[in-house]
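Working notes for the structure below.
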């Protein structure tokens with residue numbers, strides 16, 4: 001899964017140093033005309049800097065305001081302008097999400113404890129149900145991420161529904177794929193959750209993306225994530241390695257399912273970089289190359 005990292009950076013001017021104000025309809029005279037301001041016109045979102053005085057509803061209302069704002073803004077924009085709108089919006093949502101996680105750190109710490117093994121379901125108290133309902137209003141949800149940890153994530157499909165057909169083709173492909181990948185956790189407890197075949201298909205999607213959109217503003221991000229995925233694909237993770245290690249010799253033997261997956265990619269995408277690396281890893285293991293040397297070679301290229 002292209003990682004859904006909480007982005008912290010320069011936010012759009014609409015998100016900075018703002019505070020929520022009590023809004024009532026009022027009239028303002030502009031020249032010889034009278035303009036009626038609505039609650040929406042007068043509302044100002046709270047600052048994206050986390051504050052202990054802010055409540056859940058403050059962050060949710062601000063998120064909803066930004067959602068409505070960019071919908072209106074994108075209607076008059078070019079696809080290229082909306083690419084930038086997407087980037088800024090992800091940062092804004094990332095900051096508010098971070099604030100919500102800080103606000104509800106106690107719930108996140110205890111979330112997994114509400115699972116009832118006998119009933120094979122979660123049983124939440126009313127206060128958590130209420131918070132979950134509030135989060136949903138802004139396209140957010142509680143998500144278990146492994147090792148007893150829970151975070152707040154954007155729900156799968158949220159960005160696609162908002163930006164579909166409003167951005168350039170590369171951004172459209174990127175948003176669609178990352179939304180798809182967010183449907184399930186990629187890994188947990190130092191082990192891969194998705195199947196090896198699913199990981200191979202992800203690699204090929206992103207390799208094709210890089211070949212199709214080499215000048216995309218997203219290319220550096222995609223390249224970094226592709227290399228991370230490739231390392232996991234070739235060597236696995238701590239609890240889901242692609243090989244069995246011989247402790248005495250320091251060599252390893254590829255697992256049958258991983259060898260079969262590598263051969264699938266080689267056969268289906270013979271001219272791809274992913275297939276090239278799959279052939280290389282097979283050769284290295286078959287030559288009884290020490291695992292440490294293989295690891296250094298693969299991860300050194302990252």
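The values are calculated or read from the model by the stated rules, or taken from the named source; none is laboratory data. Just so it is clear, the model here is predicted, and its values are computed rather than measured. We place every Cβ from the backbone using ideal geometry, glycine too, and count neighbours over all the protein chains shown.
Restricting the search to region 237-257, which residues are more than 26 Å from the chain's Cα centre (by Cα) and either surrounded by 18 or more Cβ atoms within 10 Å (Cβ to Cβ) or assigned to a helix (DSSP H, G or I) (or both)?
243, 251, 252, 254, 256, 257
In region 173-226, how many are more than 27 Å from residue 267 (Cβ to Cβ), in the same structural domain as residue 256 (by TED's automatic domain parsing) and in contact with a helix residue (DSSP H, G or I) (Cβ under 6 Å, 6 or more places away or on another chain)?
2
Does residue 251 satisfy being in the same structural domain as residue 200 (by TED's automatic domain parsing) and in contact (Cβ under 8 Å) with a residue 12 or more places away in the chain?
Judged against the criteria, residue 251 is a match.
Conditions first: (1) more than 30 Å from residue 259 (Cα to Cα); (2) touching a strand residue (DSSP E or B) at 6+ places or on another chain (Cβ under 8 Å); (3) touching a residue at least 40 places away in the same chain (Cβ under 8 Å). Residue 189 passes all but one, so which condition is the exception?
(1)
Kindly check whether there is at least one residue in region 187-209 that is under 30 Å from residue 60 (Cα atoms) and in a helix (DSSP H, G or I).
Among the residues of region 187-209, not one is under 30 Å from residue 60 (Cα atoms) and in a helix (DSSP H, G or I), which makes the answer no.
So, of the residues in region 78-118 that are farther than 20 Å from residue 143 by Cα and over 21 Å from the mean Cα position of the chain (by Cα), which turns out to be modelled with the lowest pLDDT?
Looking at the filtered set, the residue picked out is 118.
Looking at region 115-150, which of its residues are touching a strand residue (DSSP E or B) at 6+ places or on another chain (Cβ under 6 Å) and more than 22 Å from residue 183 (Cα to Cα)?
123, the sole residue that qualifies.
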